[in-house]
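Below is one structure; the comments refer to it alone.
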């Protein structure tokens, strides 16, 4: 098999010709802060705009269930414009070897459309904050990994199907992975998860759900959304950002001795977790 090397002149972050083809095919669109599609040829207007690429078929096996899943990648339009401008400059200067720095500088969120939720009046939804230690490495210091797995299963098994929005920039409730590592050391010294944030001079929760709200407005189209979360503040934030008709659905899983104190701190902070939720492993 012959491997052909692409010439430097063919590169940009996304080749302009490919980008135009994706737009023509309806695979790359722009959404405004009301969740409405707007013309890609126009400069983003006031308010938050996100670019959405997809749908991309994503085979996903969940036990005996093999739902139809499509993946969409999402990034803020202003952020992508800056990266594409830098990519064009690098191409002109022969700096393609620096493209990895561009790729790592963008927070790319994801939406999984599971089943056929467009036919439902009340699809099941999970807005999940990224957690490398829990989601990828399987750490039991938190319940993030089990919550992600359970959400995928619950949506796949639900007759209505639904959406999973994965927020890439939410590591450590928005403080980032480096600061999160520091909070773990402080927690090991006796502080709880919120005290550790405060000791570092950081907010209890600095997550921004603006992008998630835009995506839920676009995919939800004004329907009632059943949101898998134990956190009333997440519901409040999304509602304040214009997402209507959110019904909070309890989502308790992954409780064990390793994260019991962490979950009790979340309960004391306001999460809807009763003694029955924390008294025995789930």
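When you look at residue 131, is it farther than 25 Å from residue 221 by Cβ and within 13 Å of the chain's Cα centre (by Cα), yes or no? Taking the combined requirement at face value, the residue satisfies it. Taken over region 206-232, residues that are under 26 Å from residue 180 (Cβ atoms) and part of a loop (DSSP other than H, G, I, E, B) amount to 7.
Report the residue count in region 214-238 for those that are touching a strand residue (DSSP E or B) at 6+ places or on another chain (Cβ under 9 Å) and under 21 Å from residue 270 (Cβ atoms).
So the answer is 11.
Note on region 255-282: residues that are closer than 21 Å to residue 226 by Cα and not in a helix (DSSP H, G or I) total 5.
Just one of (1) in a strand (DSSP E or B); (2) at pLDDT below 95 fails for residue 110. It is (2).
Would you call residue 94 on the phi > 0 side of the Ramachandran plot, modelled with pLDDT under 95 and assigned to a loop (DSSP other than H, G, I, E, B)? So residue 94 passes the test. The requirement of being in contact with a helix residue (DSSP H, G or I) (Cβ under 6 Å, 6 or more places away or on another chain) and closer than 21 Å to residue 273 by Cα is satisfied by residue 192.
The values are calculated or read from the model by the stated rules, or taken from the named source; none is laboratory data. All of these numbers come straight from a predicted model, not from anything done at the bench. Virtual Cβ from ideal backbone geometry, glycine too; neighbours counted across all protein chains shown.
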